[in-house]
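Down below is the structure, laid out as structure tokens.
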Amino acid sequence: MVKVEPTLLERIKKYGAFDVNACFSCGVCTAICPLSTENGEFPRRIIRYAMLGLEDKLLGSTELWSCYYCGECTKSCPRQADPGGFMMATRRYAITRYSWGKVASIFYSKLWSPVVLAILSAIMAIGAWLVHGPIITSKVDLMAFIPKNYIHEGGVALGIFVFISALVNLLIAYKYIRRTSNKNATSIRSWIEGFFNILIKEVLWQNRYLKCSNRNRFYAHMAIFWGFILLFIATGIDYITGVRQPVAEILGFIGGALIIYGSGYFIYKRLEGKEEFVLYSDFIDWAFVWLIMLAGITGFLLDLFTVINAPLPAYTTFIIHLIVVFDLLVTAPFTKFAHAGYRPFALWIDSALKSKA
Ligand code: SF4
Ligand code: SF4
């Protein structure tokens, strides 16, 4: 039996879909969307689900994650119903509904989000202060300043928390998708092929993003993605070898520069406030881009201070870097960062199920 939630639209509106009531289902948005396919009818279909209160259908729709918020539909809507903004608001809502214990609701709360972020930052700062080792001033020695075993144990604990949280959230999303999908599960081979297809085309190259007309946004998005990959590799090299390696420094420089460029673009666009995709931002959306920018700047400076051998600036930057990276990672399954998981996951399921048809 189809369950109807009369307050669904009002709940979604809290996340930014202020104008969607004006929609009269003309279909212009679907026709104009560069990512809508013959079989796909987004964003119009998702708007209808919200208006009819079909929460399960809405949360089980993989189309929700097919949108990259280019804003073309919003520019073309004859009713100024802001379908692109509606899709973004609905993804925010979905993130809160998919998250275990509804934890993501805290991060999308205007009141609690800054409080919780401040508490998390304080926990990390106090923890780093409590475990720090000798402050060697003759040369930069990060592994002596924060001993490797603490970085290792803290990193493993954080990694397990993030991994399990992301996994549970994805399973909740999967439950919604399977409950409402009218397609059957396909062969293992389809799942494996679909996985590598999405990994290469949509994660590493972000092919669908390219279809949006704003190439600058695509470049900035790619820069952030690859910047993090490079920082991750640099951190891994340092961790495995136990000392700061020249190759890790180079990767750190490049990764930091890419992240600063990409996040700088999004911060500039948000401050400028002209393009559709920045017209509404929650506190956590702002915090997210600033944390990314800070991760890039501190990663970049950390390498610089190490190369020019400036111990005290390096240690100070290291602490800030740890706080920022901790905040980013621990909140990742519950904030905008979660797009990085839900989007390829939804596309993967969609491709695997479609391949049977
Ligand atoms: S959101 Fe606008 S363009 Fe899309 S169906 Fe509604 S009125 Fe038409
Ligand atoms: S914002 Fe862009 S990608 Fe999303 S539904 Fe509108 S036109 Fe399509």
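Packing, as the average of other Cβ atoms within 10 Å across residues, places the peptides 100-111, 119-130, 326-337 in the order 326-337, 100-111, 119-130, highest first.
Note on E193 and W226: the extension gain reaches 9.5 nm, defined as 0.36 nm multiplied by sequence separation minus the Cα-Cα distance.
Show that you can apply the helix-only estimate: for the chain, add -39,500 (n - 2.57) for every DSSP H stretch of four or more residues, divide by all residues, and state [θ] at 222 nm to the nearest 500. Here the helix-only value at 222 nm equals -21500 deg cm²/dmol.
Rounded to the nearest 10 degrees, the angle from helix 246-272 to the longest Cα principal axis of the chain is 40 degrees. On full extension, the segment bounded by Y150 and C26 gains 38.8 nm, given 0.36 nm per residue less the C-alpha separation. Only one residue of W205, I250, P313 has its Cα farthest out toward the positive end of the dipole of the chain, where Lys and Arg carry +1 and Asp and Glu -1 on Cβ, and that residue is W205.
Under a model in which nothing but the beta-carbon of Lys, Arg (+1) and Asp, Glu (-1) is charged, the chain shows a dipole of about 1020 debye around its Cα centre. With Rh defined as the Kirkwood radius, the inverse of the mean 1/r over Cα pairs, the Rg/Rh of the chain is 1.00.
Relative to its Kirkwood radius, the Cα radius of gyration of region 1-52 gives an Rg/Rh of 1.00.
Considering only P34, P83, N21, and ranking their Cα positions along the charge dipole of region 8-98 that arises from unit charges at the beta-carbon of Lys, Arg, Asp and Glu, the one farthest toward the positive end is N21.
Extension gain for L52 to T137 (0.36 nm times residue separation, less C-alpha to C-alpha distance): 24.1 nm. With pairing defined as another cysteine C-beta under 4.7 Å, the cysteines of the chain that fail it are C23, C26, C33, C67, C77.
We did not get these values from a lab; they are worked out from the coordinates using the rules stated. This is a predicted model, so every value here is computed, not measured. So basically every Cβ, Gly included, is an ideal-geometry build from the backbone, and we count neighbours across all protein chains shown.
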